[in-house]
Structures are given as C-alpha cells and as structure tokens.
Amino acid sequence: MRKPGTNGIRAAESIESGLNGFEPMARSAGLPVGVVGCGPWGANHVRVLREVHGVGDILVADLDQGRSERLARIYPRVTSVPHIDAMLDDVECVVVATPPSTHLELALQAIESNKHVLIEKPMTVSEIEARTLIDSAERRDLVLMVSHIFEFNPAVRHLRSLISAGDLGRVYYLDSARLNLGTYRHDVNVIWDLAPHDISITNYLLNTQPTSVQAWGASHAHPSLEDVAYLRLVYAPLGVTANIHVSWLDPCKIRKITVVGSERMAVYDDMAADERVRVYHKGVSASAGNGHGPNTFYRQGGVTSPYIHWEEPMLVQDTHFVRCVVTNERRPLVDGWKGLDVVRCLEAADISMHTGRVVEVPGDYAALSAAGTAKRDAG
Ligand SMILES: NC(=O)c1ccc[n+]([C@@H]2O[C@H](COP(=O)([O-])OP(=O)(O)OC[C@H]3O[C@@H](n4cnc5c(N)ncnc54)[C@H](O)[C@@H]3O)[C@@H](O)[C@H]2O)c1
C-alpha cells in the first residue's frame with residue numbers, strides 16, 4: 001500500500017527544500033504538481049490544474065524553455081524549471097504532455113522517483129512500453145492514469161447511459177469521424193494521434209475492447225507518415241463494428257460519432273455549439289417478404305436532444321486524477337490497463353495497415369485489471 005502521508009495536501013505542505021537552486025518561491029498549501037511539455041496540451045493542463053481543488057504549486061518544464069517560462073509569466077503559482085529532473089524533488093505527481101515517443105522515458109523517470117503520473121494519449125507507442133509503465137507503477141503502488149479525455153466528457157457519458165439503458169435497442173454499429181486540416185505530428189501517424197480518442201470512446205461506450213482490427217491508411221502530404229486512415233474495429237461477442245475515419249488532411253473540422261441501434265440512432269457532434277447529442281427516433285426493420293425480396297419498413301420519428309449538464313472534460317479528468325492521488329484509495333477510471341487496451345489496438349491497426357490483414361487484438365485487459373484490483377484489495 002502507498003504510505004499514508006506520502007502524498008496529498010499535508011505532505012505537500014511539509015516540503016522543505018528549495019527548487020534545486022532555481023528561483024525560490026513562497027510555498028502555497030496544496031498538492032505540488034509537475035507538468036512536462038508545455039505545448040498547447042500541456043498548457044491546457046496547467047490552466048485547468050490551477051482550478052482543481054487541492055492543487056498547490058505547479059512546476060512546468062519544456063525542452064523549449066520559452067514555452068514553460070511563458071506559462072510561468074501568465075499564471076501565478078506556476079514556476080518554470082529547465083527539465084523534469086529539476087522538478088522531481090518538489091512535486092507529488094507529474095502530468096506528461098510531450099510527444100508520444102517521449103512518454104515512456106519521462107513517465108518512467110517520474111514513476112521511478114515515486115511520483116503519480118497522468119500521461120497523455122496515446123499512453124505509449126508500443127505494448128511493451130505500456131506494460132513497463134504499468135509494472136513499474138504497480139510495484140510502487142502509484143496512480144498511473146491515462147488521459148482518455150472523452151471518458152470524462154458529459155456528452156459521451158450520456159451516450160453511454162443511452163446505450164446501457166437500452167434506449168437505442170440493440171447496437172448495430174458505430175461510426176466515428178475525426179477530421180481536420182492538421183496538426184501534423186512528427187513522431188506518430190494519424191492513427192496513433194487521433195484514433196486513441198475514437199478507440200477509447202467506443203471501448204467506453206461498449207464497455208469492452210475490440211477483438212479484431214482492420215485498417216487502411218495512406219500518406220499524402222507527409223513523406224512517410226499516414227495522414228488519412230480508416231479503421232474497422234470488430235467487437236465480436238457483441239456483434240458490433242465501429243468504423244473510424246481519422247484525417248489530418250480534410251478541409252472541414254469534424255468530430256462526430258454516430259451510434260446506430262435497432263430502435264433509435266444517436267449522434268454526438270463535438271463541434272455543435274449546443275445539442276451535442278441528438279437522438280433520432282428512426283429505424284428500419286425487414287421481414288422475410290413474399291418471394292420478391294424482404295419487405296422493408298422505415299420508421300420516421302422525431303429528433304430529441306437531451307439536456308446535458310456541461311463541465312469541461314479536462315477539468316473533470318484532472319480533478320479525478322488529483323483526487324485519486326490525495327485520497328490514496330481510488331484506482332483511476334482510466335488506468336494503465338485501459339491505456340494498454342488502446343495501445344494494443346493501435347499496434348494491431350498499424351500491422352493491418354501494412355499487411356492488409358485483419359489483425360486480432362488478443363487479451364482481456366479489463367479482466368486482468370479487475371484481477372489486479374482484487375489482488376491489491378486482498379493484500
Ligand atoms: N487529449 C487530447 O485531446 C489531446 C489533444 C492534443 C494533444 N494531446 C496529447 O498531448 C501531448 C502533447 O500534445 P501537444 O499538442 O501539446 O504537442 P506539441 O508537440 O505541440 O508540444 C509538446 C511539447 O513537449 C516538449 N517536449 C518534447 N520532449 C520533451 C522532453 N523530453 N522534456 C520536456 N519537454 C519536451 C516540446 O518542446 C513541446 O513544447 C501528446 O501526447 C498528444 O497526443 C492530447
């Protein structure tokens with residue numbers, strides 16, 4: 001078990017050392033948090049973490065020190081340090097918001113220094129890397145959480161409640177589109193950059209992981225990395241497929257998920273100013289017919305848009321992470337195992353894209369994860 005008092009607000013107040021020789025600052029009460037990587041997404045974490053109850057000082061680091069210093073200038077209680085080494089003595093947890101190819105090294109360094117870690121998606125760029133982080137965090141009984149931010153999105157949560165309540169009937173298939181012009185990444189292709197969202201959303205909505213993946217992708221404007229891709233995920237036990245289109249090379253920004261059920265259909269449009277979830281009371285049924293083919297009946301109903309109380313997903317997510325750290329009792333909703341589920345699916349998609357084969361996604365990590373929890377509870 002984690003030792004009481006090694007994290008949380010009181011522990012934060014007890015820190016005595018300065019900032020390893022960097023500009024000393026007056027300590028504020030609260031959990032000291034580090035953020036590594038101050039690009040757009042790291043900057044979002046810093047903005048949001050300042051609002052999270054219980055968070056104290058925030059230390060930020062980026063290879064481009066101009067980026068971390070800019071955040072320190074904008075926000076009080078935020079201090080720039082030159083690199084991750086310079087923050088580890090002074091923080092209780094670290095948010096890793098650097099390019100995916102650097103996640104393993106930085107997260108492992110933080111974990112080996114006994115820091116709880118929230119790591120951006122995709123968790124890592126291979127299964128072996130993800131397992132390394134899980135093993136290392138579990139050995140030290142540290143919180144390892146992966147930023148699958150849509151699992152904290154009220155609209156996605158509502159969609160899940162519609163599915164699990166049976167409001168859509170039997171789910172036939174899901175369709176997901178995540179398209180825009182850019183931003184091109186330099187270390188991963190469009191599948192690893194954008195599809196983690198769609199895979200984590202469909203896993204979350206269906207409460208399981210796919211059994212196989214088929215993918216097609218091509219590079220157009222980039223010399224080597226695929227910038228447009230299509231994935232087909234099969235959730236065999238449920239008889240459900242999820243079709244995912246991701247692109248860095250599209251004129252329109254689209255973030256849309258359609259769930260087609262036997263009774264109703266629901267569309268979640270992340271770009272909609274309001275009415276982000278719409279439920280279409282429409283459907284089709286077919287009977288055997290009379291020898292001239294099946295008879296098809298169309299149900300044309302209305303459209304409803306449920307009220308959804310909106311909260312910023314990143315604020316909900318980062319609050320949950322901090323809560324997991326300070327309460328010392330809760331496993332994060334998106335733990336390393338769920339991160340691994342997505343990484344395995346991404347690896348399978350890459351293999352499929354390069355071989356043209358349907359690739360199985362073996363392993364029931366949700367079950368393993370549950371077993372791990374049971375073992376930990378028993379211990
Ligand atoms: N959840 C989401 O919706 C979402 C959206 C965008 C990005 N992301 C993820 O967030 C992460 C960052 O994305 P971004 O758009 O800010 O990327 P970015 O490339 O614009 O910025 C990353 C920053 O990390 C810095 N960096 C790189 N290596 C470093 C190291 N070893 N130590 C310290 N700093 C280092 C870079 O200098 C850069 O400033 C990625 O993993 C990305 O997949 C998530």
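Results, tabulated for the structure shown:
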quantity: Any hit, segment 78-100, residues being under 18 Å from the mean Cα position of the chain (by Cα), assigned to a helix (DSSP H, G or I) and within 13 Å of the ligand (Cβ to nearest atom); calculated: yes
quantity: Evaluation of Gly54 against (1) of a type in the set (Gly, Ala, Ser); (2) within 22 Å of Val316 (Cβ to Cβ); (3) open to solvent by less than 10 Å² (accessible area, probe 1.4 Å) (one fails), failing number; calculated: (3)
quantity: Residue among Pro99, Pro82 that is touching a Ser or Thr at 6+ places or on another chain (Cβ under 9 Å) and open to solvent by 10 Å² or more (accessible area, probe 1.4 Å); calculated: Pro82
quantity: Criterion (over 27 Å from Leu49 (Cβ atoms) and acidic (Asp, Glu)) met by exactly one of Glu312, Glu347; calculated: Glu347
quantity: Candidate set: segment 189-211, residues that are open to solvent by less than 20 Å² (accessible area, probe 1.4 Å) and hydroxyl-bearing (Ser, Thr, Tyr); chosen: the one farthest from the ligand (Cβ to nearest atom); calculated: Thr202
quantity: Within segment 170-188, considering residues that are open to solvent by less than 30 Å² (accessible area, probe 1.4 Å) and in contact with a helix residue (DSSP H, G or I) (Cβ under 8 Å, 6 or more places away or on another chain), the one nearest to the ligand (Cβ to nearest atom); calculated: Val188
quantity: Residue ID - surrounded by the fewest Cβ atoms within 10 Å (Cβ to Cβ), chosen from residues in segment 212-232 that are of a type in the set (Gly, Ala, Ser) and in a loop (DSSP other than H, G, I, E, B); calculated: Ser224
quantity: Output for segment 168-187, where each listed residue is part of a loop (DSSP other than H, G, I, E, B) and not β-branched (Val, Ile, Thr); calculated: Leu168, Gly169, Arg170, Gly182, Tyr184, Arg185, His186, Asp187
quantity: Given (1) among the β-branched types (Val, Ile, Thr); (2) farther than 21 Å from Leu238 by Cα; (3) in contact (Cβ under 8 Å) with a residue 60 or more places away in the chain, index of the condition Ile199 fails; calculated: (2)
quantity: Residues of segment 248-278 satisfying the condition of being of a type in the set (A, V, I, L, M), assigned to a loop (DSSP other than H, G, I, E, B) and under 22 Å from the mean Cα position of the chain (by Cα); calculated: Met271, Ala272
quantity: Filtered residues of segment 143-169 (kept if polar (S, T, N, Q) and buried (at least 16 other Cβ atoms within 10 Å of the Cβ)); calculated: Ser147, Asn153
quantity: Filter result (within 13 Å of the chain's Cα centre (by Cα) and among the small types (Gly, Ala, Ser)) within segment 101-150; calculated: Ser147
quantity: Subset of segment 112-158 [within 15 Å of the ligand (Cβ to nearest atom) and among the basic types (Lys, Arg)]; calculated: Lys115, Lys121
quantity: For Asp167: the one exception among (1) within 30 Å of Tyr280 (Cα to Cα); (2) among the acidic types (Asp, Glu); (3) within 15 Å of the ligand (Cβ to nearest atom); calculated: (3)
quantity: Top-ranked residue of segment 102-121 - restricted to ones that are in contact with a Ser or Thr (Cβ under 6 Å, 6 or more places away or on another chain) and of a type in the set (D, E, K, R), ranked as surrounded by the most Cβ atoms within 10 Å (Cβ to Cβ); calculated: Lys121
quantity: Where a residue in segment 302-314 is over 19 Å from Phe152 (Cβ atoms) and its partner, wherever it lies, is open to solvent by 70 Å² or more (accessible area, probe 1.4 Å) and of a type outside the set (Phe, Trp, Tyr), with Cβ under 6 Å and at least six apart; calculated: Val303/Arg278; Ser305/Glu275; Ser305/Arg278
quantity: Positions within segment 112-127 being assigned to a helix (DSSP H, G or I) and closer than 17 Å to Lys338 by Cβ, in sequence order; calculated: Glu127
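The values are calculated or read from the model by the stated rules, or taken from the named source; none is laboratory data. Every value quoted in this text rests on a predicted model; they were computed, and no experiment measured them. Please note: Cβ atoms are built from the backbone with ideal geometry, for glycine as well, and neighbour counts cover all protein chains shown. Note: areas computed on protein heavy atoms with side chains; ligands, DNA, RNA excluded. Shrake-Rupley method; radii C 1.70, N 1.55, O 1.52, S 1.80 Å.
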